[in-house]
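Right, one structure below, let's go through it.
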Amino acid sequence: MAEIMMTGPWSLTIPETMYDTLDRHLFPGDHDEHGAVMVAGVFTAPDGSVRLLARDLFLARDGVDYVPGKRGYRMLKAQFIQRHILACRDEKLVYLAIHNHGGRGTVAFSPDDYASHERGYPALLDISAGNAVGALVFAAGAVAGDIWLPGGRRVTLERAEITGRRWQVLRPAPDRAARKALPLYDRQTRIFGDAGQHVLAGMSVAIVGLGGVGSLVAEYLARLGVGTIWLIDPDRIDPTNLPRVVGARRADIWWALGGPSAPAWLRRRVLTFASRKVDIARRVIRQANKATRVKIVAANVLAPEAAAALLSCDYIFLAADEMRARLLVNAIVHQYLIPGVQIGSKVSVADNGDVTDVFSVVRPLRPGMNCLWCNQLINPGKLADEAKNDGERKRQRYVDDKDVAAPSVITLNAVGAAHACNDFLFYAMGMSGAASTDFARYDSRSRAVMFSTPRTDPDCTECGSGKGSRLGHGQSGPDLQCSLGKVPATRFLYARRHGVSSREATLLLDHTPPAITVLVEQQRRYVRASNFQLAANVNFGGSRFTEPRGRRVVRMFTFWARMIIMDRREPALRRIEKVLLAEHTGNSH
Ligand SMILES: [Zn+2]
Ligand SMILES: [Zn+2]
């Protein structure tokens, strides 16, 4: 930590579920003082501002861990402190001691509090070996922080942000700066107030994928008055995009030479000069709102510069189809506590030409709460295909890429984009009661809406807080899977670490991006906790399993069916396959 310039301001981000737990503990209605320890990861932005990322919370039991003080009113017991400061040292996290004061809306440390920091924190800094330590004091709706850095610097916390169903900001005292929104926003400010419009103008939002859905999101966000919009997409526009990409013109594809009536060889040449989707979206944003700052990354979201851009954002719209993009964005949401949403729409057509399914999905992603991994929305089979086919896909992109040919309609995209932008708006405005974070699926034919409450697995390597997981770990956490390469470990080390044979490790390393290994881990855990036994490990690729019960199962099954699992009591493979089927039905796109 010491080598990074941290010039401030300092803030702390807390997942809403964690904050709710803390709030209940500190303010149970007894008007007394209570204690806790929070451990936090760190993210230092290129501008020197620092975000602390709440990773885990340990409540101090009254009378056991939090006891009458020798000098102050109460104190955390030495053993309680020691346990957590040592864990912080080992995992490179920031230790934060917490207590509360009475009152509402404003809070400050007392002289006794400061005296205890001065007595105790130099020693804690020594133990934590290079990581910051500090204290937080909460009142109802307010927080103050005193952070000690290695080398003797001390900083105060400017604010804490709580992210979950809605966005809330706590400060040491209310922010009373008067702000008047532009008359332009009169209709909106009648809903959100001038302060709300100011919040939007201060936000930095990323859109990953500027196709049918993403181009609409760009238009909506610009007109809402979002201050900074990052546009991330490597692709150029294509004639088949014209009916859906907002703002695209015939001139963008050199219509006479690159349009559908031109010969294929000529079209292919010409389309390498077509406008980039990011440039079209920038044009749309400029026309909608001159005040919005537009930043462009014309690269795949897996490129390091794209991931770096996402880390500086307050919200991420994921409107790209790739599983790898889901994998990366999901990791960022949990590791850096940045909320977002995944949007998509889908028209399924059977082999005989019948349209079987028409729907849009909006899946809010919230740190520690909503996870694409835990809900089987990252399809390992597709991940492997994407990694394998990179070169092939690039060659074919403009003429006969199957993704370009997938059925798609602007109106379906609009359903998903509008709901996702609504959710974002209510989230950013901190509107209570408005924002459910359930995953939603809008069936456009029946007009039915299906909501599902996302599951969370406490052992999840992405959203769980178990040892080594990503949640809130910030820059000292696992590397983001930005490159498409293999797991950076030798087969031997890999086999040891995952408890698999070296033959299995070879299979895993040769055939999968890192993500699949996570999934295999989860499956192994599931197997250990049941009566099943993994007789042999994974073997994927090969023939496609033909459908037993519905087509959505099939794709998941390419992977799962090839795991050979035995029942300890009754080694009947057929039965186990059924178990796996039931476990992984549905939602694979
Ligand atoms: Zn105090
Ligand atoms: Zn998860």
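The values are calculated or read from the model by the stated rules, or taken from the named source; none is laboratory data. Remember, it's a predicted structure, so these values are computed and weren't measured experimentally. Positions of Cβ are backbone-derived with ideal geometry, glycine not excepted, and every protein chain shown enters the neighbour counts.
Observations
- Pairs with Cβ under 8 Å, 6+ apart, first in region 448-472 and closer than 19 Å to residue 329 by Cα, second exposed (fewer than 12 other Cβ atoms within 10 Å of the Cβ) and not aliphatic (A, V, I, L, M): 461/468; 464/458; 465/458
- Among (1) under 30 Å from residue 323 (Cβ atoms); (2) crowded, with 23+ Cβ neighbours inside 10 Å; (3) at pLDDT 95 or above; (4) of a type outside the set (D, E, K, R), the one test that residue 136 misses: (1)
- Residues in region 6-20 that are surrounded by fewer than 18 Cβ atoms within 10 Å (Cβ to Cβ) and farther than 15 Å from residue 143 by Cβ: 3 in all.
- Long-range neighbours under 9 Å by Cβ, at least six apart or interchain, first residue on the phi > 0 side of the Ramachandran plot and more than 10 Å from ligand 1 (Cβ to nearest atom) within region 87-113, second assigned to a strand (DSSP E or B) and not hydroxyl-bearing (Ser, Thr, Tyr): 92/41; 92/42; 103/139; 103/140; 103/142; 105/139; 105/140; 105/142
- Region 418-438: number of residues that are free of Cβ contacts under 8 Å to residues at least 24 places away in the same chain and either crowded, with 18+ Cβ neighbours inside 10 Å or not in a loop (DSSP other than H, G, I, E, B) (or both): 1
- Residue check for residue 80: buried (at least 20 other Cβ atoms within 10 Å of the Cβ) and more than 24 Å from residue 469 (Cα to Cα): no
- Check on residue 48, within 18 Å of residue 26 (Cα to Cα), exposed (fewer than 15 other Cβ atoms within 10 Å of the Cβ) and in the same structural domain as residue 156 (by TED's automatic domain parsing): no
- Matching option when the condition is of a type in the set (D, E, K, R), at pLDDT 95 or above, away from ligand 1 (no atom under 16 Å from the Cβ) and not in a strand (DSSP E or B), among 23, 47: 23
- Qualifying residue in region 440-450 (condition: closer than 24 Å to residue 205 by Cβ and within 16 Å of ligand 2 (Cβ to nearest atom)): no
Yes/no per residue for (1) under 16 Å from the mean Cα position of the chain (by Cα); (2) at pLDDT below 90; (3) among the hydrophobic types (A, V, I, L, M, F, W, C):
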{"site": "286", "(1), (2), (3)": "no, no, no"}
{"site": "318", "(1), (2), (3)": "yes, no, yes"}
{"site": "321", "(1), (2), (3)": "yes, yes, no"}
{"site": "343", "(1), (2), (3)": "yes, no, yes"}
{"site": "350", "(1), (2), (3)": "no, yes, yes"}
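- Pairs, first without any contact (Cβ under 8 Å) to a residue 24 or more places away in the chain in region 9-36, second in a loop (DSSP other than H, G, I, E, B) and more than 16 Å from ligand 2 (Cβ to nearest atom), C-beta under 8 Å, six or more apart: 28/34
- All strands (runs of 3 or more DSSP E) inside region 291-349 with 2 or more residues being within 16 Å of ligand 2 (Cβ to nearest atom) and assigned by TED's automatic domain parsing to the domain that holds residue 215: 340-349
- Helices (runs of 4 or more DSSP H) wholly inside region 199-278 containing at least 1 residues that are assigned by TED's automatic domain parsing to the domain that holds residue 332: 212-224
- Extreme residue, surrounded by the fewest Cβ atoms within 10 Å (Cβ to Cβ), among residues of region 83-99 that are among the hydrophobic types (A, V, I, L, M, F, W, C) and out of contact with any helix residue (DSSP H, G or I) (no Cβ under 6 Å at 6 or more places or on another chain): 86
- Qualifying residues in region 439-458 (those that are surrounded by 16 or more Cβ atoms within 10 Å (Cβ to Cβ) and in a loop (DSSP other than H, G, I, E, B)) - the one farthest from ligand 1 (Cβ to nearest atom): 444
- Failed condition for residue 176, given (1) surrounded by fewer than 19 Cβ atoms within 10 Å (Cβ to Cβ); (2) within 25 Å of residue 17 (Cβ to Cβ); (3) without any contact (Cβ under 8 Å) to a residue 60 or more places away in the chain: (2)
- Hits in region 293-328 - residues which are basic (Lys, Arg) and touching a helix residue (DSSP H, G or I) at 6+ places or on another chain (Cβ under 8 Å): 295, 324
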